[in-house]
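Please read the structure below before turning to the comments.
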Amino acid sequence: MRKNRVGGQAVIEGVMMRSLDRYVVAVRKPDGTIELKVEPYISISKRNQGLGAPIIRGIVGFFETLLIGIKSLNWSAEVSSPSEKNNKASNLVNTTLALFVALVLFLFIPLGLSNAAGLKPYPFLFNLFTGFIRVAIFLLYLYLISKIPDIKRFFQYHGAEHKSIFAYEAGKSLTLENVRAESPYHPRCGTSFLFITVLFAIIFFAVVDGAYAKLTGAPPALFVRIGLHFLLLPVMIGFTWEILRLSGELYERVKWARIFILPGLALQHITALEPSDDQIEIAIFALKNAVGEEDA
């Protein structure tokens with residue numbers, strides 16, 4: 001079994017793979033050939049000892065992953081659809097709009113509905129109901145977009161990414177036969193991270209709201225609550241990152257650690273689908289270039 005961990009994500013008509021010192025994006029062009037992008041990159045938390053502390057490294061890792069993911073997606077869009085002109089201003093607007101919609105869907109709407117339900121004086125019930133709304137929105141959103149043909153292909157590339165990483169981490173040669181035999185559901189998947197974050201938010205923000213009520217003598221008003229939750233979101237992300245990291249390391253050895261992974265694994269039946277051989281080929285190509293041919 002190889003000790004060097006790798007990660008990745010699906011992109012448009014391709015896969016991004018990230019190793020300790022670089023990230024690589026492989027995309028299938030309209031003519032059937034593969035275009036490759038290799039970018040040297042070492043995590044800031046590895047370069048700065050102070051940022052490598054637990055929780056902090058999770059916050060740093062999340063935002064690094066987010067930025068690399070957005071860059072990789074934008075590049076894959078250009079390569080897979082060269083007829084469409086690259087418009088950086090348009091990309092910025094689309095990214096900003098997507099973040100705004102995410103905030104509205106997963107922060108403002110759940111908090112607003114819980115407040116309207118009259119749960120403001122009860123921190124635990126408030127956050128339990130808020131969490132339920134977030135989970136419902138999240139699951140409905142994923143289910144609906146999974147019906148779009150292009151998104152289905154995207155999720156198949158996601159499955160190809162998982163299969164190739166499984167084969168690599170098991171010490172197998174990265175051949176089509178070996179990779180095809182692996183599972184498309186991986187315990188360290190970003191989908192698991194998102195789902196665990198939504199679930200963990202119920203407990204985390206219940207504690208935050210309860211502490212605020214104890215200190216001030218009254219539960220937080222709606223906009224105070226939104227502000228508190230938004231400000232403490234990075235801290236919660238850091239906690240969740242550590243939980244997923246530890247659970248991923250203990251997954252094979254400690255059965256109880258699988259409790260934190262199981263919801264995300266179940267969700268991957270929507271987001272990580274069985275890929276075709278040509279999609280697996282892309283994932284293998286990206287991974288080999290990320291870790292070095294001699295180690296694959």
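Please treat every number below as a calculation from the coordinates, not as lab data. Here the structure is a predicted model, which means the values were calculated and not measured. Reconstructed Cβ throughout: ideal geometry from the backbone, glycine too, with neighbour counts over all protein chains shown.
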So what's segment 122-263 giving for Cα Rg divided by 2.2 N^0.38 Å, two decimals? 1.31
May I ask which residue of THR271, ILE243, THR191 lies farthest towards the positive end of the charge dipole of the chain, with charges of +1 (Lys, Arg) and -1 (Asp, Glu) on Cβ and the Cα centre as origin? ILE243
Within the chain, which is the longest segment that contains none of the trypsin sites (Lys or Arg not before Pro) sitting in a DSSP loop with at most 12 other Cβ atoms within 10 Å? 148-252
Choice from GLY112, GLY190, GLY217 showing the highest fluctuation, given a GNM over the chain with Cα pairs closer than 10 Å: GLY217
Give me LEU228, LEU67 ranked fewest to most by other Cβ atoms within 10 Å of their Cβ, as a rough exposure proxy. LEU67, LEU228
I'd like the FRET efficiency for ILE145 and PHE63, computed as 1/(1 + (r/R0)^6) with the beta carbon distance as r and R0 of 25 Å, rounded to 0.05. 0.55
Paramagnetic reach from ILE55 in segment 182-205 [backbone N under 18 Å; point 7 Å along Cα→Cβ]: 197, 200-205
Multiply the residue gap between GLU177 and LEU246 by 0.36 nm, knock off their C-alpha separation, and tell me the result in nm, one decimal place. 21.8 nm
Who wins for biggest fluctuation among GLN268, GLN49, GLN156 in a Gaussian network model of the chain, springs between alpha carbons below 10 Å? GLN49
Isotropically averaged projected area of the chain, using the convex hull of Cα atoms (one quarter of hull area), nm²: 16.8
Charge sum, other residues only, whose C-beta stays under 11 Å from LYS37's C-beta, Lys/Arg counted +1 and Asp/Glu -1: -1
Quote the relative contact order of the chain in percent (integer), defining contacts as alpha-carbon pairs under 8 Å separated by 6+ residues. 28
FRET efficiency, VAL224 to ALA266 (Cβ-Cβ, R0 41 Å, nearest 0.05): 0.70
Where nothing but the Cβ of Lys and Arg (+1) and of Asp and Glu (-1) is charged, how large is the charge dipole of the chain around its Cα centre, in debye to the nearest 20? 860
Two-site FRET efficiency, LYS152 against ALA211, from Cβ-Cβ distance with R₀ of 41 Å, rounded to 0.05: 0.40
Would you mind counting up the charge near LEU140? Only other residues with Cβ under 14 Å from its Cβ, with Lys and Arg at +1 and Asp and Glu at -1. +2
